[in-house]
Amino acid sequence: PGRIPLDQYLSLRGVDHIDLMAATHVHEDHLCGLLPAAEKLPPAALWQTLPPEFCRSMRTLDIPAEGLTPSRSKFLRALNDYRRLCLGQSCPRHRPLAGMELRLCRDLLVRVLGPSRAQAEKLASSCRALYEEADPSAFWQRLDQLDVAMNNYSLILLLEYRGTRILLPGDTNYMGYGGLDPASLRADLFKVGHHGQRDGISAEQIQAIAPRAVVCCASSKRGPPGPRRYNSADPAILQMMADSGARLYFSDCPPGPDGAVPPPHQALTFTVGAGGAMEGTYLSIPD
């Protein structure tokens with residue numbers, strides 16, 4: 001209900017600079033809001049998942065009417081915006097890969113859990129093949145395959161601040177955690193992947209993460225009684241996380257397993273304090 005484009009939201013909240021922007025993966029709902037924000041507030045650094053030399057070779061993809069579907073249109077827009085985002089920034093561009101540890105500032109450490117180097121190379125190879133494909137039918141086939149696979153090429157970031165751990169997996173679903181040590185996933189705050197759709201996480205993975213709080217970036221289509229768009233915030237997933245003892249928070253306003261609906265809001269903020277204290281607050285819609 002309080003949806004607002006990212007660049008407008010930052011302006012409304014008085015944000016006047018961006019220290020770090022992370023493009024988790026190339027899908028419209030995770031990527032296309034970044035471009036206008038970056039054009040207004042150029043980030044000091046940009047994290048993204050493709051090789052810099054490939055980004056420089058990307059061309060604008062035409063969007064022909066023949067064979068175009070709504071999902072293909074969104075993915076093509078994401079690819080084109082990704083190109084503009086990567087080429088239009090003069091800031092340092094980094095390609096975080098699994099195993100890297102980066103200290104962003106005092107007391108804040110980021111561990112990169114994914115994608116692995118093998119995943120990153122597979123993504124780059126699939127993108128090169130798409131851009132080099134001349135046959136229209138084969139192009140659509142490659143585009144669809146890449147679109148389906150893209151979620152599990154997401155950046156998976158584990159932030160640690162004074163002992164409090166925050167797991168941000170992009171749109172990684174339960175299959176995307178396969179090569180990770182379950183012990184590396186433990187987190188106090190978890191943003192569930194793929195918007196809480198049924199494939200977002202497994203019961204075993206929730207047990208390994210053992211979160212105290214879970215954020216579900218759901219699309220409820222203006223909230224109840226409207227339907228859950230794209231089957232976000234799957235009731236069985238939400239119930240599984242609630243049964244684990246985690247407190248549930250939502251970016252939109254779908255009901256939780258107990259039927260409670262968050263108030264209309266524009267965002268969530270979490271305050272991390274001493275001794276692992278953590279509090280989530282819904283930011284109200286300004287008058």
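Here are some notes:
- Picking from residues in the range 239-274 that are modelled with pLDDT of 90 or more and in a helix (DSSP H, G or I), the one that is surrounded by the most Cβ atoms within 10 Å (Cβ to Cβ) is 241.
- Top-ranked residue in the range 174-191 [being of a type outside the set (Phe, Trp, Tyr), at pLDDT 95 or above and surrounded by 18 or more Cβ atoms within 10 Å (Cβ to Cβ); ranked as farthest from residue 147 (Cα to Cα)]: 188
- Some residue of the range 21-32 being β-branched (Val, Ile, Thr), open to solvent by less than 60 Å² (accessible area, probe 1.4 Å) and either in a strand (DSSP E or B) or in contact with a helix residue (DSSP H, G or I) (Cβ under 9 Å, 6 or more places away or on another chain) (or both): yes
- Residues that are among the aliphatic types (A, V, I, L, M) and either on the phi > 0 side of the Ramachandran plot or surrounded by fewer than 15 Cβ atoms within 10 Å (Cβ to Cβ) (or both), drawn from the range 63-94: 63, 65, 68, 87
- Test for residue 68: is it of a type outside the set (Val, Ile, Thr) and within 29 Å of residue 137 (Cα to Cα): yes
So that you can scan it fast, the table gives a plain yes or no per residue for (1) farther than 19 Å from residue 34 by Cα; (2) part of a loop (DSSP other than H, G, I, E, B); (3) polar (S, T, N, Q):
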site	(1), (2), (3)
50	no, yes, no
53	yes, no, no
68	yes, yes, no
72	yes, no, no
78	no, no, no
87	no, no, no
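- Unique residue being of a type in the set (S, T, N, Q) and in contact with a helix residue (DSSP H, G or I) (Cβ under 7 Å, 6 or more places away or on another chain) when the list is 116, 90, 126: 126
- Residue 60 being among the polar types (S, T, N, Q) and open to solvent by less than 40 Å² (accessible area, probe 1.4 Å): no
- Scope the range 152-179; condition part of a loop (DSSP other than H, G, I, E, B), more than 27 Å from residue 106 (Cα to Cα) and either in contact (Cβ under 8 Å) with a residue 24 or more places away in the chain or in contact with a helix residue (DSSP H, G or I) (Cβ under 8 Å, 6 or more places away or on another chain) (or both); matching residues: 171, 172, 173, 179
- Residue selection: residue 109 satisfies the criterion of being in contact with a Lys or Arg (Cβ under 7 Å, 6 or more places away or on another chain) and part of a strand (DSSP E or B).
- Counted residues, the range 203-215 - those being open to solvent by 40 Å² or more (accessible area, probe 1.4 Å) and assigned to a helix (DSSP H, G or I): 3
- Count of residues meeting criterion [open to solvent by 50 Å² or more (accessible area, probe 1.4 Å) and on the phi < 0 side of the Ramachandran plot] in the range 95-140: 20
- Filter pass, residue 200 being assigned to a loop (DSSP other than H, G, I, E, B), open to solvent by 40 Å² or more (accessible area, probe 1.4 Å), modelled with pLDDT of 90 or more and of a type outside the set (Val, Ile, Thr): no
The values are calculated or read from the model by the stated rules, or taken from the named source; none is laboratory data. Predicted model, so just to flag it, every value in this text is computed and none were measured. When we count neighbours, we look across all protein chains shown, and the Cβ atoms used for this are built from the backbone with ideal geometry, even at glycine. Note: areas computed on protein heavy atoms with side chains; ligands, DNA, RNA excluded. Shrake-Rupley method; radii C 1.70, N 1.55, O 1.52, S 1.80 Å.
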